[in-house]
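Taking it in order: structure first as structure tokens, then the write-up.
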Amino acid sequence: MSVYGVLQVHSAPPALCPHIEWAVAGTVGATVSMPWVSQPAAPGSVRAEVTWQGRPGMAGAITSALAGWNRLRFEVTEEASPGCDGVRYSYTPDLGTFSAVTSANGDVLVPENRLRAALTIAATGTAVLDTELERLLGTAWDNELEPFRRASDGAPVRWLNATG
């Protein structure tokens, strides 16, 4: 079984570009060439995106290969496939990695048990429910990445294939 996904590198130092391509190629098992362009939200940085195809779970493997390179900001999405939910990973140097199950339109889906845990934590008085829900939705990652996403307006649009 094969799935499709997209890697969006929102910002990277130009010197890391070949290393990013090598890391992704080593993970997906195919040559990767990414169209690097300047990133207006971080002068001196570049951005690129690439569509990939691989086995279910490949988004996590790509994220593992790139996470910890503390000068990158990126997101990896993977389409849902039979028996597997869609997923999105977000990474920033300040926040680390966030992962979430996603719906067909890209919305973050929060599993029932995680919602119950958030309610339990909020009930103990150690956290406010709003704070727990923002954590579950990855709000801090969205807030940090949004200026980099907007700076890519006008970039080529990559459509994922429908599954079902």
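Values quoted throughout were computed directly from the atomic coordinates according to the rules given, and no laboratory measurement underlies them. On a predicted model such as this, the values are computed, not experimentally measured, just so you know. Note that each Cβ is placed from the backbone with ideal geometry, even for glycine, and that neighbours are counted across all protein chains shown.
Output the residues belonging to segment 1-22 that are among the hydrophobic types (A, V, I, L, M, F, W, C) and either over 25 Å from residue 151 (Cα atoms) or surrounded by fewer than 17 Cβ atoms within 10 Å (Cβ to Cβ) (or both).
If the condition is that a residue be among the hydrophobic types (A, V, I, L, M, F, W, C) and either over 25 Å from residue 151 (Cα atoms) or surrounded by fewer than 17 Cβ atoms within 10 Å (Cβ to Cβ) (or both), then 1, 3, 15, 17, 22 are the ones that fit.
Of all residues being in a strand (DSSP E or B) and within 15 Å of residue 72 (Cβ to Cβ) in segment 1-42, which is farthest from the chain's Cα centre (by Cα)? Just the residue, please.
Only one residue tops the list, namely 12.
Scan segment 37-58 residue by residue and report those that are without any contact (Cβ under 8 Å) to a residue 60 or more places away in the chain and crowded, with 16+ Cβ neighbours inside 10 Å.
Residues satisfying the conditions are 45, 46, 48, 50, 52, 54, 56, 58.
Scan (1) over 15 Å from residue 91 (Cβ atoms); (2) more than 18 Å from the chain's Cα centre (by Cα) for the single condition residue 55 breaks and write down its number.
Single failed check for residue 55: (2).
Does at least one position in segment 102-120 carry a residue that is of a type in the set (Gly, Ala, Ser), over 28 Å from residue 30 (Cβ atoms) and over 15 Å from the mean Cα position of the chain (by Cα)?
Scanning segment 102-120 turns up at least one residue that is of a type in the set (Gly, Ala, Ser), over 28 Å from residue 30 (Cβ atoms) and over 15 Å from the mean Cα position of the chain (by Cα).
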